[in-house]
Amino acid sequence: MKTKLLVLLVMSCTTGATFAQAKPNPFLKKKNEAVAPTRKTVVYQVFTRLFGNKNTTNKPWGTIEENGVGKFNDFTNEALQEIKKLGVTHIWYTGVPHHDVIRDYTKYGISNDDPDVVKGRAGSPYAVKDYYNVNPDLAVNPAKRLEEFQALLARTHANGLKAIIDIVPNHIARNYHSLSNPRGVKDFGADDNTAVEYDRNNNFYYIPGKAFEVPTSDTYKPLNGEKNPLIDGKFTEFPAKWTGNGSRQAKPDSNDWYETVKVNYGIKPDGSKDFPELPAGYDRLGYAEHYAFWKDKDVPSSWKKFRDIALYWTAKGVDGFRYDMAEMVPYEFWSYMNSAIKMKNPDAFLLAEVYNPKEYRNYIRLGKMDYLYDKVETYDHLKAVIQGKTLPDGLSDIQKGMADIEHHMLHFLDNHDEQRLASAAFAGSPEKGKPLMVVSATISSSPTMIYFGQEVGEAGNVDGGFGKPTRTSIFDYVGVPNHQRWMNGGKFDGGQLTQKEAALRDFYSRLLNFTINSDALMGHFKEIQSANRNITEDYSPGIYSYVRWSTKEKLIVVTNFSWVTTSNFELKVPSEVIAKWQLPEGTYTVTDKLYDSTALLKVANGSATMKLTIKPSESFIFKLP
């Protein structure tokens, strides 16, 4: 792999493209909009069920008694303070809404879930069974589960953090049934006309005259073939509904999202829209104008149901939402719901999973999303770089292409859906992931997200049963080994970390805390990669460099993606940058904000140079005095 990286980087060494200066913080403030953030946001995603689990058994397909489970109460003040000290501003509590789970909670009035339509034993957090309550697994007393979650919200806020939870609007569990509906709220599908495939006010799409059939597979058996009174290869549903990923088969494929059913938002089976559309120019208007537009409009039933769900959790103190597979739902609905949320909480943090770059601006400007995943461009490119498949130079064109929306494109390297950064399938080690993290966190003004355990090198090696390496399972009762060493039996002091793991967490803390306090990172960006790639001697293929600045702060960022090559070169800062910075001629001592090393920046004849030695996987964030 080392040889492969060097060969590919050398073979791929081409002239970098020039990149015009991006506008500072293009999170435009419109009438009645929330004030644009002045500092970076850092989101810490935790899989709530796994965070506090101290059990290290990790038996594949293990029960909750065998493998253990974390609780809301495990997020103690000490735990939350340590998360905050890492440089975190928001916590995304993943898997909170009550989803299907293979455990008997009937004494609390909760029906058992059928393993034939549940993935794993602990269940998928994206097959929500009751949107007005929380997962009983997470409570010490399941009868008081909602109260325990509200206590967690209160602790989160008391420790200076904001709380985000999931909303999954595209699909719900096949056996959805709420025990907690507020007065006057009916379950999804309660008023549907099931004799037709589609009706504007049906909550689901139907396959009239056909019963649902459980998918079959030669490679998968519910609960790994374990005997269970509910496992019979059947699930009663007549007529059958469309499956969550859009399958229109009464018997979906085992690779479909068969445990869920698709929600109807007024999109006809032929793809046409059956609801009012936003007039021209609304991409330039704020949430208040969007809210006013929808106030007197007749909209599909599902729109109202999900708006009410979001407002229910907003009223309970949730500070924002992460929307699963948002691009499978029309952006007009998002305008309707997000504007309603913002009218209640202008500072609500609204993050969407969207993977189609051609639709980014629609979901931001028309759907009123605050942030979208920057997965298919920045994330995918960084992954390709560290795997030796391409040069880092392409990052410049990515930033140029998104200059008008860069603030809205949340950066991450690890989450519950993706392979762990430290895994053999991604970076190969947590140390090799460090330069990716520096670039991800400093190249734009967008929020940064990390996934619990990432900061201590969790590689996702546990085989949970349904969930396999190299992802941390979201379907099973498992422990997260590196994270558990940091947790240290509930002390949350890193007492069991190895020296390398402790050093890695220190790196993350230094980096993230710098980003949330940096003025320059909310300002201008310019790559200096092309200027150096073309003419700088010994500027190795794995090097990437750029500058960030505001009126208060000037930064030079240099990172080395190679894990074998130490580079010695004289970095050039072009005259265009020096002119914008208005730097007089002279020598300046610049200080690295990660580890406090220094270098000399020499300004002469309108440009500047700086001699550097940069080790494998090393990065510098130099700040000018």
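Leaving out ligands, DNA and RNA, what percent of the accessible area of the chain is carbon and sulfur, probe 1.4 Å?
Details: 11430 of 23340 Å².
Ligands and nucleic acids excluded, carbon and sulfur give 49 percent.
Looking at segment 193-286, which trypsin sites (Lys or Arg not before Pro) are in a loop (DSSP not H, G, I, E or B) and have at most 16 other Cβ atoms within 10 Å?
Details: sites: R200, K210, K227, K234, K241, R248, K262, K273, R284; in loops: R200, K210, K227, K234, R248.
Passing both the DSSP loop test and the Cβ count: R200, K210, K227, K234, R248.
Could you work out the per residue convex hull volume over the alpha carbons of the chain, in cubic angstrom?
On the way: hull volume 97.4 nm³, N = 625.
With only Cα atoms used, the chain gives 156 Å³ per residue.
I'd like the Karplus ³J(HN,Hα) series for segment 239-253: coefficients 6.51, -1.76, 1.60, θ = phi - 60°, whole numbers in Hz, and an x wherever there's a Gly or Pro.
x, 5, 10, 4, 7, x, 8, x, 4, 9, 8, 5, 10, x, 6
Ignoring everything but the protein chains, give the 1.4 Å probe accessible area of S597 in square angstrom, nearest 10.
Around 50 Å² of this residue is reachable by solvent.
Could you tell me which of the pairs K227/K468; K368/K552; K273/K344; K273/K295; K273/K368; K358/K468 are separated by over 24 angstrom between their Cα atoms in the structure shown?
K368/K552; K273/K344; K358/K468
Return the whole-Å distance between the Cα centroid of segment 335-385 and the Cα centroid of segment 106-123.
Here the answer is 32 Å between Cα centres.
Over 18 Å between C-alpha atoms is what I'm after, so list which of K85/K375; K432/K500; K40/K84 land there. Provide the component values of the computation, followed by the final result.
Numbers: K85/K375 27 Å; K432/K500 13 Å; K40/K84 14 Å.
Violating the 18 Å limit, Cα to Cα: K85/K375.
Compute for segment 241-366: radius of gyration divided by Kirkwood radius, i.e. Rg/Rh, restricted to C-alpha atoms, rounded to two decimals. Walk me through the numbers on the way to the answer.
Working: Rg = 15.3 Å, Rh = 15.7 Å.
Answer for segment 241-366: 0.97.
So for each of 338-351, 405-418 I average, over its residues, the number of other beta carbons within 10 Å; can you give me the resulting order with the highest mean first? Let's see the in-between values first.
On the way: 338-351: 19.9, 405-418: 22.9.
Per-residue mean Cβ counts within 10 Å order the peptides as 405-418, 338-351.
Can you give the accessible area per residue of segment 242-397, in Å², using a 1.4 Å probe? Could you put the intermediate results ahead of the total?
On the way: 5370 Å² over 156 residues.
With all protein chains present, segment 242-397 gives 34 Å² per residue.
Can you list the lysines whose alpha carbon is less than 25 Å from that of K144, not counting same-chain residues fewer than 8 positions off?
K54, K71, K107, K129, K162, K186, K305, K316
Work from the charge dipole of the chain (Cβ charges, +1 for Lys and Arg, -1 for Asp and Glu, about the Cα centre) and give the residue of A36, G225, Y291 farthest towards its positive end.
The listed residue farthest towards the positive side: A36.
Over all Cα pairs of segment 438-518, how is the pair count split among 10 Å bins, expressed in % and running from 0 up to the last occupied bin?
P(r) over segment 438-518, rounded to whole percents: 18, 39, 33, 10, 0.
The values are calculated or read from the model by the stated rules, or taken from the named source; none is laboratory data. From a predicted model like this one, the values you see are computed outputs, not experimental measurements. Because the Cβ atoms are built from the backbone with ideal geometry, glycine has one as well, and the counts that use them run over all protein chains shown. Surface accessibility is based on the protein's heavy atoms, side chains included, excluding ligands, DNA and RNA. Shrake-Rupley method; radii C 1.70, N 1.55, O 1.52, S 1.80 Å.
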